Each structure stands twice: as structure tokens, then as C-alpha cells.
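What follows is a short report on a single structure.
The values are calculated or read from the model by the stated rules, or taken from the named source; none is laboratory data. The shown structure was predicted, so the numbers you read here are calculated from the model rather than taken from an experiment. Heads up, the Cβs are rebuilt from the backbone with ideal geometry, glycines too, and the neighbour counts pull from every protein chain shown.
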Amino acid sequence: MLLYHSKKLQLESRPSLHFLFSYNNKMQSVKKIIAQAKENYSKLSKPKTCTLAFYIDYWIKEIALRNSILKTIKKISPTDTNDPNYVFREYFSILPIDKILIVYREIVSASPYSKRVKTAEKYEIVLKKLEELFVKMIFVRNKTASVQKYDSYIDLILNKNKIPRSSFQKFIKNVDFLIDYLNKQLPRVSHLPNWFYSPFNLPCFLCQISFPNLNSPAKILDLVEKEYPPIKLFRHKITVYYGDKTQMFYKKETDSFKITLSKNYNKRHQALGLIHELGHVITMLEDFKNGKNPLELGKYKGEKSAIEFELKVLKFLSLKVFRAQLGDILSTFWRVLFEIAIYENPKQNFPQLYAKIFNRCFPQAKQKNNRLYLLDENIVLNPLSSLPHAISYAELLLDKYIRVSYEKI
């Protein structure tokens, strides 16, 4: 780590770090970056989220991480079928990514329901073509993991996100117990549409219940402030926008937090998304305070802290909302269990498997085939990206909630 002293900055001998800064012989020297960070720190508004020493440490490591990622980017060959990336190019030549997102939304949310069925029928042949390429993607990723000396692609993801193998095994061991428990705790909703558990719908209990009046980011910030008063000091450094995805980004140049909420979500999901992302803000503030660099802690620890705060706020907000959110956790389990299964054994009937695991997570369902995984951006482009969330939900529920009766939560 970087240690700042009053007269000079000392850097541990770390050849890999220096190597990253030599990328293309165009990277600034560490000394120049330190000077830039110090100058920028002096201009930041108060209160600042961290000390100068930590700020410089974060600045350097973020640049190093960014350039290490740039080094791994490989151009996709338009003609070489032996190129591992060729299959990805072919996939999106059949159905471009922006079109995939449009078709996906039409199938799972269009009204009336008959429009969803017609859209699925319209793209049936296209989905079957994508299915063949999707299987090839699995083999390509497994081969990539093998080349990098991992036992499996799942091991690669565990390492990338710094997920302890013991936590992964705990999830696998207890997931069916959790599925049964969560289903028993879901809110009782009368008159669910008969297509609620069909292959052309994503079951959402949050949209079936009455919801508190949280129609603005300011109201949600007020709510979060009650659970975490220190955030009041940095509230002016938090800005909320609407965009394509829900995510949080710490902007080191201004020492501020930018939260983007998906414009494609309704107000309820935007509210829950904002609560979760504010959990990330709070996690970073606590890490900064304790001298921990989020860039080194890994995604798993960051997600677990944010989810712990999210569940705490939802419990305070409304028991019914808390229970409804359990349905989204079941959907997360569905996606992750499917991905684990296909990377462990790519020689399966994926549409049948996707339906079977859905029925496992939602026992009232009777699906036989489901090809929506071919249109799920995360499953296609960022597989197992929800694994840190699934494991975090499982651990927190097992350790903090299930050992007491639900009425006492």
C-alpha cells in the first residue's frame, strides 16, 4: 500500500504496479500522478471523504486498474473462426445488443399479455440460432478459464470477485432451504394473473403490493439518513441521474458519488435501486474512514455491505416491501443457479434447464421451456455477475434473519 509522510511519499517495491504504468510507454510516471492527485485534493470541497494519503492511494490504484484492464482488451476478428471472440461477434450480428434489450422488454413486460406471446413467436427462429452460439460461448469461456489455470470458469469468477470458496459452498448447500423459506415469506397477493409464472413474465411481487410514497430521490435520501445519519455530511456530494443502468460511481476528480437509475424501471424499482446504491456510497465512506481501499476489497465484500444496508432499510420502511423483495432474491437465485449449472456442464438442454430451475425457485410454476436467458444482457455478456449478490443474500439471511421468527424481524 502507499504510505504518505509529511515530506515524501514512499511506495512499496511492487514491480507489477510499475509495470502497469509503463503501458504503451504513454502512462504518466507515478511521481507525476501523485503531484496531480495532491493538487486536485487541495481543490476538493469540504468535508472531504478521506485523507490526502488515502486519496493518493486510491488515485494511483484506480489508474493502474484501468490500464491493466485496457491491456486485456482484444480486438474481435471479423473472419477468423478460430478467434475465441468470433462467437460473440456472430451472436450480436444476428441480434444487435440494443435490439436484444428491446425484444427482452417486449416479451416480459408488454401489455396486453398476448403481445408478449406474439413477440416470442416472432423471434422463435432467431432465438434458436442464438441458442447454438450461446452454447459455444460457454465452451469459449471455460477454455479461457482453463488457459488461465483455473479449474473452471466458476473458479475464475470466484477469484475475480474475491468470493471465499467456503461462502460459495455454503450457498450451494443451503440454497434449497432458502428457496423454501423465501417462498413461505412472500407477501400474500390475491388475484395474480394466470401468466404470472409463465416464460413470458418476470414474477415481481414488489409491483403487486401497495408501496410507500417514495417518488423522489430526496425522500429516499431522507429515509436513508435516518438509518445512517453521517451521510448528511456528504449529501451534497451525491447526485442522482437516470440512464440505461442502475449503478454507483465514485468520481475521484470531484470526490463525489454519481448514482444512475435505470430509466426503464418503474418508480418502485428505481426506489429500491437507489437504496441499494446508497448502500454502496455508505460502504465506501466507511471504507475510506477505516483506510480500506474498495478497489482492493473486491466486488463480493462491497455487495455484501450494500445488501446488508438495503435489507436493514427495507425492514424499517415496510414489512410488506421487505417480503416482496424476497421475490427478487429468488429471481437472483434462479439466474445464478442456471449459470452455475451450464458452466459446470455445457452439454444440456438449456431451455429446459432454465425452466426447471425457475420451477425450483418458484414451485407454483410449471414451465417446460424458457429461452429468455438468450436475451438477458447479464447472462450473455457478464455471466455470473450476480453471484456476489446471491451469496451475500444467502449469508445475510442465514446469519441475521432466519434464526428468529419472521414476525420479530
Give me a count of the residues in the range 45-58 that are surrounded by 14 or more Cβ atoms within 10 Å (Cβ to Cβ) and assigned to a loop (DSSP other than H, G, I, E, B). 4
Being crowded, with 17+ Cβ neighbours inside 10 Å, among the aliphatic types (A, V, I, L, M) and either outside the structural domain of residue 128 (by TED's automatic domain parsing) or over 20 Å from residue 176 (Cβ atoms) (or both) is the filter here; which residues of the range 329-385 pass it? 372, 374, 375, 379, 380
Within the range 257-274, track down each residue that is charged (D, E, K, R) and under 23 Å from residue 320 (Cα atoms). 267, 268
When the range 361-400 is checked residue by residue, the ones that are of a type in the set (Ser, Thr, Tyr) and either in contact with a Cys (Cβ under 8 Å, 6 or more places away or on another chain) or in contact (Cβ under 8 Å) with a residue 24 or more places away in the chain (or both) are 373, 386, 392, 393
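What about residue 401, is it over 24 Å from residue 100 (Cβ atoms), modelled with pLDDT under 95 and hydroxyl-bearing (Ser, Thr, Tyr)? Before the answer, list the steps.
Working: over 24 Å from residue 100 (Cβ atoms): yes; modelled with pLDDT under 95: yes; hydroxyl-bearing (Ser, Thr, Tyr): yes.
Here the answer is yes, as residue 401 does meet what is asked.
Just to be sure, is residue 256 within 28 Å of residue 378 (Cα to Cα), modelled with pLDDT under 90 and among the hydroxyl-bearing types (Ser, Thr, Tyr)? Talk me through it step by step, then tell me what you get.
Working: within 28 Å of residue 378 (Cα to Cα): yes; modelled with pLDDT under 90: no; among the hydroxyl-bearing types (Ser, Thr, Tyr): yes.
Considered against the rule, which asks whether it is within 28 Å of residue 378 (Cα to Cα), modelled with pLDDT under 90 and among the hydroxyl-bearing types (Ser, Thr, Tyr), residue 256 comes out as no.
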Selection from the range 78-96 of residues that are at pLDDT below 90 and in a loop (DSSP other than H, G, I, E, B): 78, 79, 80, 81, 82, 83, 84, 85
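Out of 111, 16, 68, 42, which single residue is modelled with pLDDT of 90 or more, in a helix (DSSP H, G or I) and not aliphatic (A, V, I, L, M)? Give the steps one after another, and end with the answer.
Details: 111 fails: in a helix (DSSP H, G or I); 16 fails: modelled with pLDDT of 90 or more; 68 fails: modelled with pLDDT of 90 or more.
Only one candidate passes the filter, namely 42.
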Please count how many residues of the range 170-219 are modelled with pLDDT of 95 or more and among the β-branched types (Val, Ile, Thr). 3
Kindly check whether there is at least one residue in the range 300-312 that is surrounded by 15 or more Cβ atoms within 10 Å (Cβ to Cβ), modelled with pLDDT of 90 or more and more than 18 Å from residue 247 (Cα to Cα). yes
Looking at the structure I just gave you, is residue 141 among the basic types (Lys, Arg), within 30 Å of residue 207 (Cβ to Cβ) and part of a helix (DSSP H, G or I)? no
Hey, any hits in the range 160-172 for a residue that's in the same structural domain as residue 370 (by TED's automatic domain parsing), among the hydrophobic types (A, V, I, L, M, F, W, C) and over 15 Å from residue 384 (Cα atoms)? no
Please find, within the range 217-249, the residue that is farthest from the chain's Cα centre (by Cα) out of those that are surrounded by 17 or more Cβ atoms within 10 Å (Cβ to Cβ) and without any contact (Cβ under 8 Å) to a residue 40 or more places away in the chain. 240
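Quick check on residue 172: is it surrounded by fewer than 17 Cβ atoms within 10 Å (Cβ to Cβ), aliphatic (A, V, I, L, M) and out of contact with any His (no Cβ under 7 Å at 6 or more places or on another chain)? It would help to see each step written out before you state the result.
On the way: surrounded by fewer than 17 Cβ atoms within 10 Å (Cβ to Cβ): yes; aliphatic (A, V, I, L, M): yes; out of contact with any His (no Cβ under 7 Å at 6 or more places or on another chain): yes.
When the stated conditions are applied, residue 172 passes them.
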Of the conditions (1) at pLDDT below 95; (2) closer than 26 Å to residue 284 by Cβ, the single one that residue 167 does not satisfy is (1)
Tell me whether the range 138-148 contains one or more residues that are surrounded by 19 or more Cβ atoms within 10 Å (Cβ to Cβ), basic (Lys, Arg) and either out of contact with any strand residue (DSSP E or B) (no Cβ under 9 Å at 6 or more places or on another chain) or free of Cβ contacts under 8 Å to residues at least 12 places away in the same chain (or both). yes
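So which of 61, 99 is assigned to a helix (DSSP H, G or I), within 24 Å of the chain's Cα centre (by Cα), modelled with pLDDT of 90 or more and surrounded by 13 or more Cβ atoms within 10 Å (Cβ to Cβ)?
Working: 61 fails: modelled with pLDDT of 90 or more.
Every option except 99 fails the conditions.
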